[in-house]
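The values are calculated or read from the model by the stated rules, or taken from the named source; none is laboratory data. Just so it is clear, the structure is predicted and the values come from calculations on it, not from any experiment. In this analysis, Cβ positions are derived from the backbone assuming ideal geometry, glycine residues included, and neighbour counts consider all displayed protein chains.
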Amino acid sequence: MDKYIDLIDENCKLLWQAKAVDEVELINMINGSTEEMMEGVKKMLSLGIQFPVQYVTDGLRHFEEAIQSQDNYKLADFLCFEWKEILTVYDEIIAEM
Amino acid sequence: MKEMLKKNYEKLIETQKKFDLKIEAYKDYQDFDEYKYVSDGKEWNLFSEVDMDRAVDAWMEQFDKVQYDTILLLFGIGHYKYLNSLRSRFPDNAIIVYEPSEEMMIKFLAHKEAEYFLEDNQNFHFILGGKRKADFSELMSALVATNTKDKICIANIPNYSKIFSDDFMFFYKIINERYEMVQVNEKTLIEQGAERVGNIIYNMRHMVDESGLDELKVAMENLETEDCTVVLIAAGPSLDKNIRELKEYKNKVFIVCVDAALNTAVKNDIIPDLIVSVDPYVYTKAIESDSIIGVPLVADLVSNPKLLEVHKGRVFYQCSNADYPRRVMRDYGAELLNMPHGGSVANVAFSLLLFMGFKRIVFIGQDLAYPGNQFHAKDAFENEGELDLNDNKYFYVESIDGGKVLTETNMNVYRKFFENHIKRHPDCTFIDATEGGAFIEGTEIMTLREALDGCDNLDGIGFTELINNANYWLDDEQKESVLDEMRSSYENINAQTNKMRNMISVYKKLGKLLKEEKYCSKEFAKNYKKVTAFNEYVENNRDVMLLELFTNGALVECFNSLSEYGETHKEEIDIIINSGLNMIKGYIDAGEELKEVWKETCDKYKLQF
């Protein structure tokens, strides 16, 4: 998930500096990371490991709200403090598997 | 909080008197830490709900290349933590904040942190958008110049561009226009080269016997300029429609004519009360006519000497771009003023009228566009031809009748200049009686007859007589002294350039020591000290200013390089050495060319300094 986390850091910096972000790139990042996580979650389930999928579902809803709001702070808060957190937790579980 | 607001507001208006905030309407806004701004029913965050410090740290990263002399220009105050972080990291840098919202300004003032910034009135400046946003263009005009343009670091507060989109567009429009203007000026100065300098030399000699714009203003003080209507004649194609009608208003309204419109005026038997000519090249044949030759003239130090040679009336000088004559005259209490302009002589004339205190200005021939595919009124210039419609530099703008009319970029810049200045003078009436051309925002549109109906100079004051009685700048003794100084500066050109040449070896020595990594040696320090002293000399010496009349590519490049910074100490010194050598080359070349042009001009016009 490192490439997604790097992208999140870059975009948060842009948002907090009031600079333009590429929304399509962000949507692709969210979709790409979600797909990868879902693949991983399947493996986790087959090994009997639980992953809080609800966080991902809520996150996707929050992302849509943040994108629609066009609000730099809301979008950066979501990316940096919600989605990045989900990706980090996912990475940690994968690393322990 | 209300007490804090009152105290801080008082402090603000102590230094920036223009502010007129409705602080009594203040009610306890939310605290910054949970601050939301509602605009058009939409709620925006002005803080991070999770970690504002993190957001501010990320915002601060854009200032990593800020130097000690960088001017920090912000669009918006936002959360007080932005300004706090900026000031604590850059305690000595100038900070200018354009805040579009009165509500945000009041909220900031109600915060205890504001006190610290308001005490720092040398390095901290607020501009409020809305009604006061014209102040910003004034500030930008003063701030952005060749030697400062790369020292300004601009940053925005998150969400401000979306909440205050009109102000945001305005903010960047003004900045871009100013940068464009500085670049155009640099290019023009280099291109005009010798011809421009020849004009300045001629006019420097001529101005000693004449007066400045202050004297013109004082001369007109007996006239109630506030109650007097002034007609400003420009040379647009529509001038042919109504110039004849002006004749019956002679001595009832003050008539100011720009040089390009003079031929048309004379053909129609209109004798203006004042002519304005500031272009280095324009020469209008009409100046030779008996009725015009003695009409007072406002000229620039770069104005065409041929025109001044023929003209026999009073001349009032302004100076758009030459520090040397300005400095010399200032020592004798004479101010060579510069009227703001967007590039056209009509802009200069317009600024002059506002400076003189006129409150009702009527434009004619001010098309700022090409109706009927014509450039100017038919008698303005000989064999001018028509627009080539295949040329894609022309585009349409709104015309005064709500339709469309062709124009091009420079005309558009001139129009914007008028519009910006009209906005700044709500106490004045501006009437566009051009009866054609582009729509100028802020003007009332009328026919010339409608605009002048009922105008009468009740006191029957002769405008020309008033102007002709204006004081002269200098008495005979002062004139002699000024001419002595100019002559001495000219005779010193060789001494100056020799001094410059001697410095080449010092810079080269520094370069050699730098290459050998000996920049901590005593020898390096000794030579560096010489460079510092030399730079101080160049900056303050009046005779060196004379060389600057010849603005050449090397000098502009040198001024531009002053804003470059190296990543390391070594790189920094390398830049100083290179720009120093460039500067010396620029001055030496300027000196050589100046001597030649000085001699040629004096011979051509039989001038004696």
Exercise. Any chance the stretch B:139-146 includes a residue that's within 14 Å of chain A (Cβ to nearest Cβ) and more than 30 Å from B:Trp598 (Cα to Cα)?
Worked result: no
Exercise. Conditions: (1) within 25 Å of B:Ile461 (Cβ to Cβ); (2) outside any strand (DSSP E or B); (3) hydroxyl-bearing (Ser, Thr, Tyr); (4) touching a strand residue (DSSP E or B) at 6+ places or on another chain (Cβ under 8 Å). B:Tyr317 meets all but one. Number of the miss?
Worked result: (2)
Problem set entry | Flag for B:Leu83 being modelled with pLDDT of 90 or more and touching a Leu at 6+ places or on another chain (Cβ under 7 Å) | no
Exercise. For the stretch B:381-472, which fully contained strands (runs of 3 or more DSSP E) count at least 1 residues that are farther than 30 Å from B:Ile175 by Cβ and at pLDDT 85 or above?
Worked result: B:429-432
Seminar exercise, completed: Output for Cβ contacts, cut-off 8 Å, separation at least six or different chains, first residue free of Cβ contacts under 8 Å to residues at least 24 places away in the same chain and in a helix (DSSP H, G or I) in the stretch B:501-528, second surrounded by 13 or more Cβ atoms within 10 Å (Cβ to Cβ) and among the aromatic types (Phe, Trp, Tyr), reads B:Leu513/B:Tyr519; B:Leu513/B:Phe524
Seminar exercise, completed: Filtering the stretch B:248-277 down to residues that are surrounded by 24 or more Cβ atoms within 10 Å (Cβ to Cβ) and within 25 Å of B:Glu195 (Cβ to Cβ) yields B:Cys257, B:Val258, B:Asp259, B:Ala260, B:Ala261, B:Leu262, B:Ile275, B:Val276, B:Ser277
Exercise. Looking at B:Ile493, B:Ile440, which one is more than 29 Å from B:Glu596 (Cα to Cα) and of a type in the set (Val, Ile, Thr)?
Worked result: B:Ile440
For this session: Could you please let me know if B:Leu73 is more than 11 Å from chain A (Cβ to nearest Cβ) and at pLDDT 90 or above?
Result: yes
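The rows are residues; the columns are (1) under 27 Å from the mean Cα position of the chain (by Cα); (2) modelled with pLDDT of 90 or more; (3) surrounded by fewer than 16 Cβ atoms within 10 Å (Cβ to Cβ).
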| residue | (1), (2), (3) |
| --- | --- |
| B:Gln478 | no, yes, no |
| B:Met486 | yes, yes, no |
| B:Thr497 | no, yes, no |
| B:Lys518 | no, no, yes |
| B:Glu523 | no, yes, yes |
| B:Lys529 | no, yes, yes |
| B:Ala554 | yes, no, no |
| B:Glu564 | yes, no, yes |
Problem set entry | Selection from the stretch B:168-191 of residues that are more than 19 Å from the chain's Cα centre (by Cα) and away from chain A (no Cβ under 14 Å) | B:Met169, B:Glu191
Problem set entry | The listed residue being more than 12 Å from every other protein chain (Cβ to nearest Cβ), more than 30 Å from B:Gly342 (Cβ to Cβ) and touching a strand residue (DSSP E or B) at 6+ places or on another chain (Cβ under 7 Å), out of B:Phe117, B:Phe124, B:Phe136 | B:Phe117
Seminar exercise, completed: Selection from the stretch B:382-410 of residues within 25 Å of B:Arg244 (Cα to Cα) and either surrounded by 16 or more Cβ atoms within 10 Å (Cβ to Cβ) or in contact (Cβ under 8 Å) with a residue 60 or more places away in the chain (or both) yields B:Ser399, B:Ile400, B:Val405
Exercise. Which helices (runs of 4 or more DSSP H) does the stretch B:78-197 wholly contain that include 1 or more residues that are in contact (Cβ under 8 Å) with a residue 60 or more places away in the chain and surrounded by fewer than 19 Cβ atoms within 10 Å (Cβ to Cβ)?
Worked result: B:102-109, B:114-119, B:134-143, B:160-163
Seminar exercise, completed: Picked from the stretch B:39-62 (must be more than 9 Å from every other protein chain (Cβ to nearest Cβ) and part of a loop (DSSP other than H, G, I, E, B)), the residue nearest to the chain's Cα centre (by Cα) is B:Asp40
Seminar exercise, completed: Note on B:Lys187: of the conditions (1) modelled with pLDDT under 90; (2) in contact with a helix residue (DSSP H, G or I) (Cβ under 8 Å, 6 or more places away or on another chain), unmet is (2)
For this session: Determine which member of the set B:Glu195, B:Glu210, B:Glu226 is touching a Pro at 6+ places or on another chain (Cβ under 8 Å) and away from every other protein chain (no Cβ under 14 Å).
Result: B:Glu195
Exercise. Of the residues that sit in the stretch A:52-97 and are more than 10 Å from chain B (Cβ to nearest Cβ) and of a type in the set (Gly, Ala, Ser), which one is nearest to B:Met52 (Cα to Cα)?
Worked result: A:Ala66
